[in-house]
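Undergrad: What follows is a structure written as structure tokens; I'll ask about it next.
The values are calculated or read from the model by the stated rules, or taken from the named source; none is laboratory data. This structure is a prediction, so every number in the text was calculated from the model and none was measured. Glycine gets a Cβ as well: all are built from the backbone with ideal geometry, and neighbour counts include every protein chain shown.
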């Protein structure tokens, strides 16, 4: 039975949504005014990072609070290989929450795990029930992941964000009013195919799109998988980079479309008298190049445009704060929600609770001075000159950016302050000063002027690598656990 203090939870998630493309995050165009207003009413976490720049590994981290090396889902095709203890849905179910889902899945949980479920929606198809919906999905497949050069010839009501919000509202209307609810609304957008109907297609003119940080010359200069992916794209779609402004303008239009649907969803909660007692969390699974490096989607490397994600929390008890200091992870969301609903953090969770941070409590600054992430399927990296077996034919226009070349090997990442460090399985290191070099073009790993910085970050990466050693399975002995899952004893 719920009490007056038991909050509802609305989790809104986007796919392939980079953090810096709203005015509130410093972007020149006003792409998501409602999300920015929501952030201004609560806490915006500006230095939030995904655990991995791929959908399923990241979403598995959201559900389990564990990093890919622990939950073992390191590629999108490994969704059922998860290693975990109690996850987010287990904790919510044990707390007698009604569980609702609408949208893109890409996770190990299924329809039967929810009280209401609408989906799965993918990037080119949904649970189509009308001729118009089926025609829309056929059209999406026809543009071969875009970007479309014309407005989408279907109305807003055919777009997946509109339909997903409609489904989410329908599910909540059937909820048990005597139980708190958890509603996970998962948009496939702004992931490719890049398309939008009017007025969103024309809302942001190509001429008004801000210049990108770097173009194809940066992929060539960085070399390795960046150059390989750039060459693959050019082979598949010659001259594709000429459309980068159209690509960005459409991406911005897709963000506004999503924003309007988030507003519609929150307005429903307000109209139902539910908004005052609902925690609203907005996150993405990972980012998108959106033309930087002359690339689209994701795939090569761990640049901030892929790793940094939007992370906003608003609602009862959340302080108003624009937090540009603390480094947080997508893995931190699950333990945070545990504390928000008054439940213990399960054994095996590696993320840290942000609840003290979000509610104005005390917490150790050192705990959030750095953040960690992983990428790669394993093994050794393929030589960039090789043509190994891929999940698509080399001929034709189709390609998968998360392929045997771009994802081979293992890399671990650390962000601390202005610095970012990468270290891979071959012993190759990268070190970037993000304050001076936000596009990560100048590798200072071998620069003697920053030897002490490299040593400090390497030691911190070793600390993180030790910290994410998996504690599961739990056996006879009782490990010492810390408050909020911090690595330091607190208070």
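Undergrad: If we scan the stretch 163-184, do we find a residue that is assigned to a loop (DSSP other than H, G, I, E, B), touching a helix residue (DSSP H, G or I) at 6+ places or on another chain (Cβ under 7 Å), surrounded by 21 or more Cβ atoms within 10 Å (Cβ to Cβ) and modelled with pLDDT of 95 or more?
TA: There is no residue in the stretch 163-184 that is assigned to a loop (DSSP other than H, G, I, E, B), touching a helix residue (DSSP H, G or I) at 6+ places or on another chain (Cβ under 7 Å), surrounded by 21 or more Cβ atoms within 10 Å (Cβ to Cβ) and modelled with pLDDT of 95 or more.
Undergrad: Among the strands (runs of 3 or more DSSP E) contained in the stretch 292-391, which hold 2 or more residues that are touching a helix residue (DSSP H, G or I) at 6+ places or on another chain (Cβ under 8 Å), within 22 Å of residue 69 (Cα to Cα) and modelled with pLDDT of 95 or more?
TA: Output list reads 321-329, 370-378.
Undergrad: Just give me the residues in the stretch 23-66 being assigned to a loop (DSSP other than H, G, I, E, B), under 23 Å from residue 349 (Cα atoms) and either over 17 Å from the mean Cα position of the chain (by Cα) or free of Cβ contacts under 8 Å to residues at least 60 places away in the same chain (or both), in sequence order.
TA: none
Undergrad: If I filter the stretch 407-433 down to residues being under 19 Å from the mean Cα position of the chain (by Cα) and closer than 29 Å to residue 235 by Cα, which single residue comes out as surrounded by the most Cβ atoms within 10 Å (Cβ to Cβ)?
TA: Selected residue: 407.
Undergrad: Just one of 207, 249, 213 is part of a helix (DSSP H, G or I) and over 22 Å from residue 153 (Cα atoms); which is it?
TA: Of 207, 249, 213, the one residue that is part of a helix (DSSP H, G or I) and over 22 Å from residue 153 (Cα atoms) is 207.
Undergrad: I would also like to ask the following. If a residue has to be assigned to a helix (DSSP H, G or I) and touching a strand residue (DSSP E or B) at 6+ places or on another chain (Cβ under 9 Å) to count, how many in the stretch 81-98 make the cut?
TA: The number of residues fulfilling the criteria is 4.
Undergrad: Name every residue in the stretch 233-255 that is surrounded by 20 or more Cβ atoms within 10 Å (Cβ to Cβ) and over 13 Å from residue 194 (Cα atoms), in order of residue number.
TA: Within the stretch 233-255, just 233 meets the criteria.
Undergrad: Got at least one residue in the stretch 467-474 being in contact (Cβ under 8 Å) with a residue 40 or more places away in the chain, surrounded by fewer than 16 Cβ atoms within 10 Å (Cβ to Cβ), out of contact with any helix residue (DSSP H, G or I) (no Cβ under 7 Å at 6 or more places or on another chain) and not in a loop (DSSP other than H, G, I, E, B)?
TA: The answer is yes; a qualifying residue exists.
Undergrad: Let me ask something else. What pairs come out if I take residues in the stretch 412-428 that are at positive phi and in contact (Cβ under 8 Å) with a residue 24 or more places away in the chain and pair them with residues that are in a loop (DSSP other than H, G, I, E, B) and surrounded by fewer than 18 Cβ atoms within 10 Å (Cβ to Cβ) whose C-beta lies under 8 Å away, six or more apart or interchain?
TA: Qualifying pairs under 8 Å: 417/369.
Undergrad: Does the stretch 192-200 contain at least one residue that is modelled with pLDDT of 95 or more, surrounded by 15 or more Cβ atoms within 10 Å (Cβ to Cβ), within 19 Å of residue 12 (Cα to Cα) and in contact with a strand residue (DSSP E or B) (Cβ under 9 Å, 6 or more places away or on another chain)?
TA: There is no residue in the stretch 192-200 that is modelled with pLDDT of 95 or more, surrounded by 15 or more Cβ atoms within 10 Å (Cβ to Cβ), within 19 Å of residue 12 (Cα to Cα) and in contact with a strand residue (DSSP E or B) (Cβ under 9 Å, 6 or more places away or on another chain).
Undergrad: Would you mind telling me which numbered condition in (1) closer than 20 Å to residue 49 by Cβ; (2) in a loop (DSSP other than H, G, I, E, B) residue 414 fails?
TA: Exception for residue 414: condition (2).
Undergrad: Sticking with this structure for a sec: Answer with yes or no whether residue 287 is in a loop (DSSP other than H, G, I, E, B), buried (at least 19 other Cβ atoms within 10 Å of the Cβ) and at positive phi.
TA: no
Undergrad: Also, quick follow-up: Would you call residue 275 over 25 Å from residue 57 (Cα atoms) and in contact with a strand residue (DSSP E or B) (Cβ under 7 Å, 6 or more places away or on another chain)?
TA: no
Undergrad: OK, next. In this structure, is residue 20 within 18 Å of the chain's Cα centre (by Cα), assigned to a loop (DSSP other than H, G, I, E, B), modelled with pLDDT of 95 or more and surrounded by fewer than 20 Cβ atoms within 10 Å (Cβ to Cβ)?
TA: yes
Undergrad: Return only the number of the condition from (1) under 23 Å from residue 368 (Cβ atoms); (2) outside any loop (DSSP other than H, G, I, E, B) that residue 438 does not satisfy.
TA: Residue 438 satisfies all of (1) under 23 Å from residue 368 (Cβ atoms); (2) outside any loop (DSSP other than H, G, I, E, B) except (2).
Undergrad: Could I ask something else about it? Applying the selection to the stretch 96-121, what residues are surrounded by fewer than 17 Cβ atoms within 10 Å (Cβ to Cβ) and more than 15 Å from residue 63 (Cβ to Cβ)?
TA: Answer for the stretch 96-121, where residues must be surrounded by fewer than 17 Cβ atoms within 10 Å (Cβ to Cβ) and more than 15 Å from residue 63 (Cβ to Cβ): 96, 111, 112.
Undergrad: Could you give me the residue pairs with C-beta distances under 6 Å whose first residue belongs to the stretch 67-82 and is free of Cβ contacts under 8 Å to residues at least 40 places away in the same chain and on the phi < 0 side of the Ramachandran plot, whose second residue is outside any helix (DSSP H, G or I) and buried (at least 24 other Cβ atoms within 10 Å of the Cβ) wherever it lies, and which are 6+ apart or on separate chains?
TA: So the pair list comes out as 81/73; 82/73.
Undergrad: I'd like the full set of residues that are buried (at least 19 other Cβ atoms within 10 Å of the Cβ) and part of a loop (DSSP other than H, G, I, E, B), limited to the stretch 131-156.
TA: Hits for the stretch 131-156 are 145, 146, 147, 148, 152.
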